[in-house]
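S.K.: Quick one: structure below, then a few questions.
The values are calculated or read from the model by the stated rules, or taken from the named source; none is laboratory data. Keep in mind that this is a model prediction, so the values were computed, not measured. Cβ atoms come from the backbone with ideal geometry, glycine included; neighbour counts cover every protein chain shown. Calculation scope for accessible area: heavy atoms of the full protein, side chains included, ligands and nucleic acids excluded. Shrake-Rupley method; radii C 1.70, N 1.55, O 1.52, S 1.80 Å.
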Amino acid sequence: MSVRYKYPHQAGENNREQQGTRMRKSDMNVSTFIQQGIINRRSNIIIERIIHLLFRKVDFGNEGLSILKEYSKKGRVVFGSFQSSITSTLILNNILRRHGFDTPELALGNSPYLLQMVTGLFNRIYLFIKDIFSDVDRTHISDEEYIKDVVQSGHSILIALLSQKLFISNYLKERPDTLEYLLSIQKNIEEPIFIFPQIIFWNRNPEKTKAKRTFMEMRATGDRGLFSGLFAMWKSITPAFVRIASPINLKEEIELAGHDDIKHLTREIRSRLLETYDYEKRSILGPVIKSRQEMMEQVLYHSNTLDTIQLLMKDEGLSEKKLRRNAYKYFDEIAADFSIITIKYFEKTLRFIFRKIFDGIEYDIEDIKKIREASRKGPVVIAPSHKSHMDYLIVSSIFYREKMIPPHIVAGANLTFFPMGLIFRKSGAFFMRRSFKGMKLYTTILKQYIKTLVSEGYSIEFFAEGGRTRSGKLLTPKMGILKYMIEAIEEGYASDMVFVPTTINYNRILEENSYHKELKGKEKKSESTSNFVKSRGLLKRNYGKVYLSFNDPIYYSDLKKQYDTTGEDVSEIADHLMVKISEIAMAMPVPIVSTALLSSPGRGFQKEALLGRITHLVQYFSEIKAPLAKELQTQDSIAAQLDSILDKFMNDGIISDIRDDRNTPDKNSMENIYLLDEEDRPKINFYKNTIINHLYPLSYASLAVLMCSERESVPAGDIEKIFLSLRSLFSMEFINRGDEDAGLVFRNSLQFLQNEKMISMQGDEVKIHDNKFVELRNNASIIQDYLESYYIAFSTLLPLSSKTEKKELINLIRKKGVQMYHMEEIKLPESLSIANYSNALNYLIKSKMLIETSSGKKEKILKVVEPSNLAGIHSMIHEYLLTLNIHLLKKRADIIPNKQINERNTHLSDKVH
């Protein structure tokens, strides 16, 4: 803790002498305003001890503490408090001492305690009598001089910005605004003065309309004395805390003002501080909470809803009473019922669960600051990737923990099962059906509810992918909810909107086994109370560390300048959000190890070779400046993570020690060799796919180089053509960053291969190093499962000449895949993926080789219309797979004669055809 410097008013306290040449208290004459602002610890010592005892749990948030630590070293500190009671000041002092900061010497505009007032009165009477009998004239010190003396000596002060006493005196021009003094002082000193907005939140109770307010409900902010403060904390479920906001730099304000009118600048700064107060309340407490009844009236009586009802009465001949009853039912089915009490207890439960199943949840406090700052411009829309049910729970928990109101979450109607549906609804979730095509009234109610949330300023969390990814990679975005929110801005429900792309990065997820089964074709189990109870066993495992990553906020007003948003199509904005989400996908230990395992040549592997492969991948992430977990940033930590993950994979039966295989001869010579279980490859393939959007350019480039490996040197342009061909083939699979970036991505990938000494480049010519085929093949095989999935799908389609229902066609492809796998025409069990088959069909539809029509029901009918083009792509994929398998055989050239290799190549070619 810094040493407290004593001012003239404390000269006689504990017989301590003043430092320097400052005047003694007996030689000074200060105004009542200054005298009442002096924090005299002798007068307040009893109350300070009481406050220390009763308010010891009140603290800064993480963000406020980091702000104070950052700026307090850069200049002079002034706290701009939005409370004026001395209780509030002493609570602040107590927290500052706890964290080692200097405490304010002045609290200007505060209302002192009675004991301090009495002490001050006796002190003035004593000085008055002393002046009568003394020949010494005490020097009068102006308010500005005294404040300047305090500031220049390096001590902090506090000013009450909402003090009624100060407002009246300032308004009647009895005394200048304290901010004027500070601006005048700033003009005469070099070091900047920082004004830190400071608010005590006695609880987290959202501000409510009268219809929502309950009897004796305690507001979160405002002035409170000792007893009312204690009562407010006692009445509330949520804890009190002190919020420190980003400071205003008076030196910068003077430089930017462009004029010397101190009074005008004072009014501008005071206005900004008051705006900060409103903004902080809004970001922490949320907008004014309306009752569910009020929200219902806003939605159901809106002209959009009434017009739809009239239209349906006319078109479908339904009665107005029935339609209004349906509208009420739909609203009741959709709407959230926000409760801060539920959120408080639910968050406590979540913290307990998270501590049990995760090794911590990490995030950057600077990201929270950016989100809070961005929320000034409009409603915040959190747009996360969606890998697990844990996603929305983690986001809401961290928001609450960082003193921000959790967002309203767009949730599927499948989550309304008891008891979680009730808890989710009370925590801010609102529910939508998975399909409501043709339900005009339902669509209107949902759309109008979302527009009302936007209008009221609520933050919203929606998953652009629509549902959880079963494969691990990002899905093609759905447009519905995004379109509704954009419509709200275009129709004037809010002036702007802020999108925050978000990624929750896991080592392992709770749904690992269920996703594995669904990808193999098993029907998804619907969420229910019984399944919820059965799933409690998942909470007995540990799933590693979680990293929560936020990309920079994106303003809709900026997106409008970049993309056409006037029509119905919002796909460009959706794609932009997906790119920003993919950018912050972090390479975690399990995904990196899984990628290295899956791309290794063969079922068996040695730990040393695997470690080298992991190091290569980590180096790639470092060079492309992609996010990398802390655990992978040193060689020692990489080795430690590998040991830990291999142990866990062995416990789960994903890998085994070769010495445990009963068919292994001479087991003593097989130390440090492991086997990857073929059936469990799809499980860990999920984790590889979480980082595939960073890895696929490396895989494309490596495969393209291998395709040209028969030539001694090859023009880079030939390799780039193959790279772009792969990019086009998998346009429905991976997140592409725009055609204009494709060339740059290719060149960067080629440069990395050169840096790793896999190739060398002389001008435009590329030469492959003979001893690097294995490494190139490992890189290329990262996308082998996708190549095989597409090969299965196209092999199924080629013989078909008739129209086929999409659902039946997927089933045919699935059966064909199983057959080809067992006949060893494809190698990888993870290629038997329903998600990949669907994307292969979507690629053909987009390329107009397959047409999709409707049967009049929900089913889609598909028919091949360009069989020659389809056969050409099928042949191209065959060549890619053949190249991968030839180089797999080259790996064994030192133990297998060339003649046998050639024989195997011929056999492989026959089988693939």
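S.K.: When you check E362 against the structure, is it touching a helix residue (DSSP H, G or I) at 6+ places or on another chain (Cβ under 9 Å), more than 25 Å from S435 (Cβ to Cβ), open to solvent by less than 70 Å² (accessible area, probe 1.4 Å) and of a type in the set (D, E), yes or no? So that I can check it myself, show each step before the final result.
M.R.: Details: touching a helix residue (DSSP H, G or I) at 6+ places or on another chain (Cβ under 9 Å): yes; more than 25 Å from S435 (Cβ to Cβ): yes; open to solvent by less than 70 Å² (accessible area, probe 1.4 Å): yes; of a type in the set (D, E): yes.
For E362, the condition - touching a helix residue (DSSP H, G or I) at 6+ places or on another chain (Cβ under 9 Å), more than 25 Å from S435 (Cβ to Cβ), open to solvent by less than 70 Å² (accessible area, probe 1.4 Å) and of a type in the set (D, E) - is met.
S.K.: Before we move on, is K815 free of Cβ contacts under 8 Å to residues at least 12 places away in the same chain, out of contact with any Phe, Trp or Tyr (no Cβ under 6 Å at 6 or more places or on another chain), open to solvent by 60 Å² or more (accessible area, probe 1.4 Å) and under 30 Å from D677 (Cα atoms)?
M.R.: yes
S.K.: Name the single residue, out of those in the range 238-266 being touching a residue at least 40 places away in the same chain (Cβ under 8 Å) and open to solvent by 60 Å² or more (accessible area, probe 1.4 Å), that is farthest from G222 (Cα to Cα).
M.R.: The selected residue is E252.
S.K.: Examine the range 847-858 for a residue that is part of a strand (DSSP E or B), in contact (Cβ under 8 Å) with a residue 24 or more places away in the chain, open to solvent by less than 40 Å² (accessible area, probe 1.4 Å) and assigned by the TED database to the domain that holds D785, and state whether such a residue exists.
M.R.: Yes, the range 847-858 has at least one match.
S.K.: Here are T469, T476: which of them is within 30 Å of D680 (Cβ to Cβ), among the β-branched types (V, I, T) and open to solvent by less than 10 Å² (accessible area, probe 1.4 Å)?
M.R.: Exactly one residue qualifies, and that residue is T469.
S.K.: Could you please let me know if A701 is of a type in the set (G, A, S), in contact with a Ser or Thr (Cβ under 6 Å, 6 or more places away or on another chain) and open to solvent by less than 50 Å² (accessible area, probe 1.4 Å)?
M.R.: Against the criterion (of a type in the set (G, A, S), in contact with a Ser or Thr (Cβ under 6 Å, 6 or more places away or on another chain) and open to solvent by less than 50 Å² (accessible area, probe 1.4 Å)), A701 qualifies.
S.K.: Could you list, in sequence order, the residues of the range 385-403 that are of a type in the set (A, V, I, L, M, F, W, C) and closer than 20 Å to D337 by Cβ?
M.R.: Matches in the range 385-403: L393, V395, F399.
S.K.: Considering only the range 726-738, I want to know if a residue exists there that is assigned to a helix (DSSP H, G or I) and touching a Leu at 6+ places or on another chain (Cβ under 6 Å).
M.R.: No, the range 726-738 contains no residue that is assigned to a helix (DSSP H, G or I) and touching a Leu at 6+ places or on another chain (Cβ under 6 Å).
S.K.: Select from the range 545-558 the residues that are more than 30 Å from I353 (Cβ to Cβ) and in contact (Cβ under 8 Å) with a residue 60 or more places away in the chain and write down the one among them that is least open to solvent (accessible area, probe 1.4 Å).
M.R.: Ranking the candidates gives Y556 first.
S.K.: Restricting to the range 815-841, count the residues that are part of a helix (DSSP H, G or I), closer than 23 Å to M876 by Cβ and not acidic (D, E). First the steps, then the outcome.
M.R.: Initially, the range 815-841 is screened for residues part of a helix (DSSP H, G or I), giving 815-822, 829-831, 834-841.
Of the ones still in play, those that are also closer than 23 Å to M876 by Cβ are 816-817, 819-821, 830-831, 835-841.
Adding the requirement that they be not acidic (D, E) leaves 816-817, 819-821, 831, 835-841.
Final tally of qualifying residues: 13.
S.K.: Looking at the range 412-424 only, could you name the residues that are surrounded by fewer than 23 Cβ atoms within 10 Å (Cβ to Cβ) and in contact with a helix residue (DSSP H, G or I) (Cβ under 9 Å, 6 or more places away or on another chain)?
M.R.: A413, L415, T416, F417, F418, P419, M420, G421, L422, I423
S.K.: A follow-up question, please. So which pairs qualify, if the first residue must be in the range 79-95 and assigned by the TED database to the domain that holds T221, the second must be among the basic types (K, R) and open to solvent by 10 Å² or more (accessible area, probe 1.4 Å), the Cβ gap must be under 7 Å, and the two must be at least 6 apart or on different chains?
M.R.: So the pair list comes out as S85/R224; T87/R224.
S.K.: Ok, one more. Go through the range 268-364 and tell me which helices (runs of 4 or more DSSP H), entirely inside it, have 2 or more residues that are of a type outside the set (F, W, Y) and under 30 Å from G80 (Cβ atoms).
M.R.: Numbers: elements: 292-300, 303-316, 320-334, 340-357.
Output list reads 340-357.
S.K.: Continuing with the same structure: Is it true that G763 is small (G, A, S) and surrounded by fewer than 22 Cβ atoms within 10 Å (Cβ to Cβ)?
M.R.: yes
S.K.: Under 24 Å from the mean Cα position of the chain (by Cα), among the aromatic types (F, W, Y) and surrounded by fewer than 21 Cβ atoms within 10 Å (Cβ to Cβ), is that true of Y515?
M.R.: Details: under 24 Å from the mean Cα position of the chain (by Cα): yes; among the aromatic types (F, W, Y): yes; surrounded by fewer than 21 Cβ atoms within 10 Å (Cβ to Cβ): no.
Here the answer is no, as Y515 does not meet what is asked.
S.K.: Here's a check for you: in the range 750-760, which residue that is out of contact with any strand residue (DSSP E or B) (no Cβ under 6 Å at 6 or more places or on another chain) and of a type outside the set (S, T, N, Q) is surrounded by the most Cβ atoms within 10 Å (Cβ to Cβ)? So that I can check it myself, show each step before the final result.
M.R.: Start the filter on the range 750-760 by keeping residues that are out of contact with any strand residue (DSSP E or B) (no Cβ under 6 Å at 6 or more places or on another chain), which leaves 750-752, 755-758.
Then drop every residue that is not of a type outside the set (S, T, N, Q), which leaves 750, 752, 756-758.
Details: L750: 24, F752: 21, E756: 17, K757: 11, M758: 22.
Among those that are out of contact with any strand residue (DSSP E or B) (no Cβ under 6 Å at 6 or more places or on another chain) and of a type outside the set (S, T, N, Q), it is L750.
S.K.: From the list I368, I394, I398, I353, exactly one residue is in contact with an Asp or Glu (Cβ under 6 Å, 6 or more places away or on another chain) and under 26 Å from A585 (Cα atoms). Which is it? So that I can check it myself, show each step before the final result.
M.R.: Working: I394 fails: in contact with an Asp or Glu (Cβ under 6 Å, 6 or more places away or on another chain); I398 fails: in contact with an Asp or Glu (Cβ under 6 Å, 6 or more places away or on another chain); I353 fails: in contact with an Asp or Glu (Cβ under 6 Å, 6 or more places away or on another chain).
That would be I368, the only listed residue that is in contact with an Asp or Glu (Cβ under 6 Å, 6 or more places away or on another chain) and under 26 Å from A585 (Cα atoms).
S.K.: Here is a follow-up. Given the residues D315, D260, which is the only one that is out of contact with any strand residue (DSSP E or B) (no Cβ under 6 Å at 6 or more places or on another chain) and under 30 Å from G75 (Cα atoms)?
M.R.: Numbers: D315 fails: under 30 Å from G75 (Cα atoms).
Sole residue among the options that is out of contact with any strand residue (DSSP E or B) (no Cβ under 6 Å at 6 or more places or on another chain) and under 30 Å from G75 (Cα atoms): D260.
S.K.: Let me ask something else about it. Determine which single condition S375 fails, assuming it passes every other condition in (1) touching a Pro at 6+ places or on another chain (Cβ under 9 Å); (2) under 25 Å from L539 (Cβ atoms); (3) open to solvent by 20 Å² or more (accessible area, probe 1.4 Å); (4) of a type in the set (S, T, Y).
M.R.: (2)
S.K.: Okay, moving on. Give just the number: which of (1) buried (at least 23 other Cβ atoms within 10 Å of the Cβ); (2) closer than 13 Å to I334 by Cβ; (3) touching a residue at least 40 places away in the same chain (Cβ under 8 Å) does M432 not satisfy?
M.R.: (1)
S.K.: Moving on to the next point. Taking Q606 as the residue in question, decide whether it is farther than 30 Å from P379 by Cα and out of contact with any helix residue (DSSP H, G or I) (no Cβ under 9 Å at 6 or more places or on another chain).
M.R.: Yes, satisfied.
S.K.: Checking the conditions here, which among L828, L841, L787 is surrounded by 14 or more Cβ atoms within 10 Å (Cβ to Cβ), under 30 Å from T469 (Cα atoms), in contact (Cβ under 8 Å) with a residue 40 or more places away in the chain and out of contact with any helix residue (DSSP H, G or I) (no Cβ under 6 Å at 6 or more places or on another chain)? Full working, then the answer.
M.R.: On the way: L828 fails: out of contact with any helix residue (DSSP H, G or I) (no Cβ under 6 Å at 6 or more places or on another chain); L787 fails: out of contact with any helix residue (DSSP H, G or I) (no Cβ under 6 Å at 6 or more places or on another chain).
Answer to the selection: L841.
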